[in-house]
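Enquirer: Submitted below is the structure of interest, expressed as structure tokens.
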Amino acid sequence: MRFSVITPAILVIVIALFSLPAFANSDLQGPSFSDPAQKQDMPKEWQDKKITYEESMKDADLVIDLNQQIYHAFLPAVQAFAAAENIKIVVMEGTCGKSAGRISRKEVDLASFCCPPGKIDRMPDQQFHTLGIMPLSLLVNPNNPVKSITLKQARDMYQGEIDNWSAMGGDNLTIKPLASLHCKLRPGHWRLLLGHEDLFGEDMLEVGEMSDMIALVASDPAAVGIETNLVANRFKERGTVRSLDINGISTDDLDKLLTLDYPLYRTFVFSSWSRDDLSTELSRKALKMIMDEAERLGPSIGLVPPSMLRKAGWQFDGNELIGEPVK
């Protein structure tokens, strides 16, 4: 990859590449969360900069980057809030990378992530608020007779050490593993399965779009993908898929996710500005509405909200989830 100009945002990414936590060699799992004390240093001119919306959004009262994973679930509540407050909210359907970029350019009031923040995201005057966690599913074609696999079998499958479904009681078909290896600088997500992209087998196909992941798995009995059930339901017009049980535990059993008997999950986070001249009463009110909506929607969309996590012993720093329960 060639860069003609090294911008501050790119420099932050380069530095972060050399500060990633190592994955645990004993079980191949990557880190679940990052240390909230590890933050990026930014130049004074960046810290002094005010929030400035893009030209096309300059008449907005609030700008929110809403992650594509949860966009359709949370958009109605944001729209209802805008109507009740009689304000204009610009809502962008973003990704973790887009959120990070818009924060680094100070273009948004609130931004969301489908991963826990990494050091790369911890810039001055930023604070994080966890919406909850959601099971990360291994999705297969409905015609695949395999119903449940172990976590070790899942890792072996994605490393290429198990290459045929017959090894797990299925048909004599060569396994076609699919994954979207995004957010490589952030903990959690697919890194709970395998901690580094280099651990995935050479035959794994990287898929960029969520809808394409669903379509490919739905069309091929040999395929297996990694995504949430929420995404699978959103793109059901692209085809029908179902999730494998892991260690005999269904993705629908959120109590087993709380105890980590179901081991794979995605963490959803919102960021806001902590400094008074960057944070507004309106942005704080909108954030509270979104956090309340997470509690209300919760299990109906497969999301375990903060209240349930706290009760089960998950570790928080303020509003940010920073650790799994201590066993």
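Enquirer: Across the range 235-249, which residue is farthest from the chain's Cα centre (by Cα) among those that are without any contact (Cβ under 8 Å) to a residue 40 or more places away in the chain and surrounded by fewer than 17 Cβ atoms within 10 Å (Cβ to Cβ)?
Expert: The selected residue is Glu237.
Enquirer: Follow-up. So, Gly313, is that one surrounded by 18 or more Cβ atoms within 10 Å (Cβ to Cβ) and on the phi > 0 side of the Ramachandran plot or not?
Expert: no
Enquirer: Go through Glu324, Glu320 for me and flag whichever is at pLDDT 95 or above, crowded, with 20+ Cβ neighbours inside 10 Å, under 21 Å from Leu254 (Cα atoms) and not hydroxyl-bearing (Ser, Thr, Tyr).
Expert: When all the criteria are applied, what remains is Glu320.
Enquirer: So is Gln159 closer than 22 Å to Arg266 by Cβ and modelled with pLDDT of 95 or more or not?
Expert: For Gln159, the condition - closer than 22 Å to Arg266 by Cβ and modelled with pLDDT of 95 or more - is met.
Enquirer: Considering only the range 27-107, give the helices (runs of 4 or more DSSP H) lying wholly within it that have at least 3 residues that are in the same structural domain as Glu293 (by TED's automatic domain parsing) and under 23 Å from Ile290 (Cα atoms).
Expert: Correct list: 71-85, 96-104.
Enquirer: If Pro135 passes every condition in (1) in contact with a helix residue (DSSP H, G or I) (Cβ under 9 Å, 6 or more places away or on another chain); (2) within 24 Å of Asn229 (Cβ to Cβ); (3) surrounded by fewer than 23 Cβ atoms within 10 Å (Cβ to Cβ); (4) touching a residue at least 40 places away in the same chain (Cβ under 8 Å) but one, which one does it miss?
Expert: Failing condition for Pro135: (3).
Enquirer: Looking only at the range 151-180, which residues are under 30 Å from Leu297 (Cα atoms) and outside any helix (DSSP H, G or I)?
Expert: Matches in the range 151-180: Leu178, Ala179, Ser180.
Enquirer: I've got another one for you. For the range 122-137, does any single residue satisfy the condition of being within 16 Å of the chain's Cα centre (by Cα), at pLDDT 95 or above, assigned by TED's automatic domain parsing to the domain that holds Leu297 and of a type in the set (Phe, Trp, Tyr)?
Expert: Yes, because at least one residue in the range 122-137 is within 16 Å of the chain's Cα centre (by Cα), at pLDDT 95 or above, assigned by TED's automatic domain parsing to the domain that holds Leu297 and of a type in the set (Phe, Trp, Tyr).
Enquirer: A further question on this structure: Just one of Ser272, Ser283 is hydroxyl-bearing (Ser, Thr, Tyr), in contact with a strand residue (DSSP E or B) (Cβ under 9 Å, 6 or more places away or on another chain), part of a helix (DSSP H, G or I) and assigned by TED's automatic domain parsing to the domain that holds Ser112; which is it?
Expert: Ser283
Enquirer: Checking the condition in contact (Cβ under 8 Å) with a residue 60 or more places away in the chain and surrounded by fewer than 17 Cβ atoms within 10 Å (Cβ to Cβ), which residue from Ile87, Ile70, Ile64 passes?
Expert: Ile87
Enquirer: Quickly run through the range 318-327 and pick out the residues that are more than 19 Å from the chain's Cα centre (by Cα) and closer than 18 Å to Phe128 by Cβ.
Expert: Gly318
Enquirer: Here's a follow-up. For the range 245-267, state whether one or more residues are within 21 Å of Trp165 (Cβ to Cβ) and charged (D, E, K, R).
Expert: Yes, there is a match, as at least one residue in the range 245-267 is within 21 Å of Trp165 (Cβ to Cβ) and charged (D, E, K, R).
Enquirer: Further, regarding this structure: Inside the range 256-269, can you point out the residues that are outside any loop (DSSP other than H, G, I, E, B) and farther than 23 Å from Pro76 by Cα?
Expert: Result: Lys256, Leu257, Leu258, Tyr265.
Enquirer: Which members of the range 252-304 meet the condition of being on the phi > 0 side of the Ramachandran plot and surrounded by fewer than 18 Cβ atoms within 10 Å (Cβ to Cβ)?
Expert: The answer is Leu260, and nothing else.
Enquirer: Can you tell me how many residues within the range 183-221 are assigned to a helix (DSSP H, G or I), more than 20 Å from Phe113 (Cα to Cα) and among the hydrophobic types (A, V, I, L, M, F, W, C)?
Expert: 6
Enquirer: Ok, one more. Being closer than 15 Å to Ala84 by Cα and of a type in the set (Ser, Thr, Tyr) is the filter here; which residues of the range 274-301 pass it?
Expert: Ser283
The values are calculated or read from the model by the stated rules, or taken from the named source; none is laboratory data. Since we're looking at a predicted model, the values are computed, not measured. All Cβ positions, even for glycine, are placed from backbone atoms using ideal geometry, and neighbour counts span all protein chains on display.
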